[in-house]
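Presented below is the structure to which this report refers.
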C-alpha cells in the first residue's frame, strides 16, 4: 500500500536543471541523469540557471557544481531561496574539493544533499533519485493544499503565496504585467432562485472554462465566493484587456445545463496594470476598484485604465 501511494504521489516526468561549467563533465553528468529517465536542462553558469528559473521553466531539482565561474553554489542557493521562498527548488551540490567543511557549508545554506567526486554511478543515481522522489511527494502535497475544494483550481492562499514571486519575475525581466478580478454577475439572485446546489454547478462550470482558456501560463485562482483572480505572466495592458474581453465573451456564450434547464451567465472584470513593485494587496485592490466600476456601469464588461481612456477618447 505504501509503495502504491508513493508511486501515485510521484507520478509524472521529473526535470533536472544541471548547472556545470565544464562542458565535458556536464555532458557525462547529463547522460547519467537521462539514464534515470530524467528530463535534463543544461546550464554552464549560475546566471543562466537563474534566467531559466525566472522564465518559468518547470524544474523539479537542481544539480550544480559547488564552485561556478560566476557564483558560489551557496550563493546560488541563497538567490534561489530569496526568489522562490519556502517552495524553492531543491539543490544538490557536487565537488571534487577535499575540504570536508565545504559539504557542511553547502547543507547549512539550504542544499538538500552534497556528493563528493569521484563517486560511484550507483551512489549518484540513488541520491539524486531519492531527492527527486521526495520533491515529487512535496509537490503533490502542496498541490492538495493549494487547491480550492469546490472548483479544483488554485485557492486564495496559493494566489497570495505565488503571486508576488510571479510579479517579481516579470518586473525583473523588464515586463509589465496585469492582474484581473472577475465576478459572476447576479450570482446571489441565481442562488436565491435556483438554490446553492445549482450555484455550485455554475461555479464549477466557470472554473472549468477559465482553466481551459487561461491555461498554465498565467495564474488562476478562486478568491472566494463567486470571485476569481488571474495574474497574467508578462501581458501588457492592451494584451491583457483583449484577453479578458475574450474570457467575457466566451463565458457569456457558454451554456450551463442544470436540472434539465439551460442557464446562461455573464461576468464583470476589473483589470489593473502592474508596472512597479508594491505590496501584492495593492495590485488586487486596484483591480477590485475597476471591478466595482464595471458593476456600476451595468455589468458584463471589462473595466481598466485602458478602457476608461478609450471611453474618454470616443
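Please rank 178, 25, 82, fewest neighbouring Cβ atoms within 10 Å first, as an exposure proxy. Please report the intermediate quantities before stating the final value.
Details: 178 29, 25 15, 82 10.
Ascending number of Cβ neighbours within 10 Å: 82, 25, 178.
Specify the angular offset, from 0 to 90 degrees and rounded to the nearest 10, of the alpha carbon long axis of helix 156-172 from the longest principal axis of the alpha carbons in the chain.
Roughly 70 degrees, rounded to the nearest 10.
Remind me, relative contact order of the chain in percent, using alpha carbon pairs under 8 angstrom and six or more residues apart?
Values: 488 pairs, mean separation 42.7, N = 314.
Rounded, it is 14 percent for the chain.
What number, in nm² with one decimal, is the all-direction average of the projected area of the convex hull of the alpha-carbon atoms of the stretch 194-238? Let's see the in-between values first.
Details: hull surface 15.0 nm².
With the hull built on Cα positions only, its mean projection is 3.8 nm².
Between the helical axis of 280-296 and the dominant principal axis of the chain, each derived from Cα atoms, what acute angle in degrees is found, rounded to the nearest 10?
Relative to the chain, helix 280-296 is tipped by roughly 20 degrees.
Counting DSSP beta bridges in the stretch 2-146, what percent are antiparallel, to the nearest 5? Each step should come with its number before you reach the end.
Working: 1 of 18 bridges.
Just about 5 percent of them are antiparallel.
For 159, 38, 119, what ranking results if the residue with the fewest other Cβ atoms within 10 Å of its Cβ goes first?
Numbers: 159 25, 38 22, 119 14.
The order, fewest Cβ neighbours first, is 119, 38, 159.
Report the normalised scattering of the stretch 169-312 as log10 I(q)/I(0) at q = 0.14, 0.16, 0.17, 0.22 Å⁻¹, calculated by the Debye formula with identical scatterers on the alpha carbons.
Scattering profile of the stretch 169-312, log10 relative to I(0): -0.64, -0.82, -0.91, -1.42.
Starting from the coordinates of the alpha-carbon atoms of the stretch 2-146, obtain the Kirkwood hydrodynamic radius over all distinct pairs and give the value in Å to one decimal. Write out the running numbers ahead of the final one.
Details: mean 1/r = 0.0645 Å⁻¹.
The answer is 15.5 Å.
So what's the chain giving for Rg/Rh, alpha carbon basis, Kirkwood Rh from the mean inverse pair distance?
Values: Rg = 23.4 Å, Rh = 22.0 Å.
My calculation puts Rg/Rh at 1.07.
In the chain, what % of DSSP beta bridges are antiparallel (nearest 5)?
Numbers: 23 of 44 bridges.
The answer is about 50 percent antiparallel.
Counting each DSSP H run of 4 or more residues in the chain as -39500 (n - 2.57), what helix-only mean residue ellipticity at 222 nm follows after dividing by all residues, to the nearest 500 deg cm²/dmol?
On the way: 12 runs with 163 residues, N = 314.
Value at 222 nm, helices only, nearest 500: -16500 deg cm²/dmol.
Mean separation of Cα pairs under 8 Å and 6+ residues apart, divided by the residue count of the stretch 2-146: what relative contact order is that in percent?
Numbers: 198 pairs, mean separation 34.7, N = 145.
Relative contact order comes out at 24 percent.
Values quoted throughout were computed directly from the atomic coordinates according to the rules given, and no laboratory measurement underlies them. Computed from a predicted structure; not experimentally measured. No Cβ is skipped: glycine too gets one built from the backbone with ideal geometry, and neighbour counts run over all protein chains shown.
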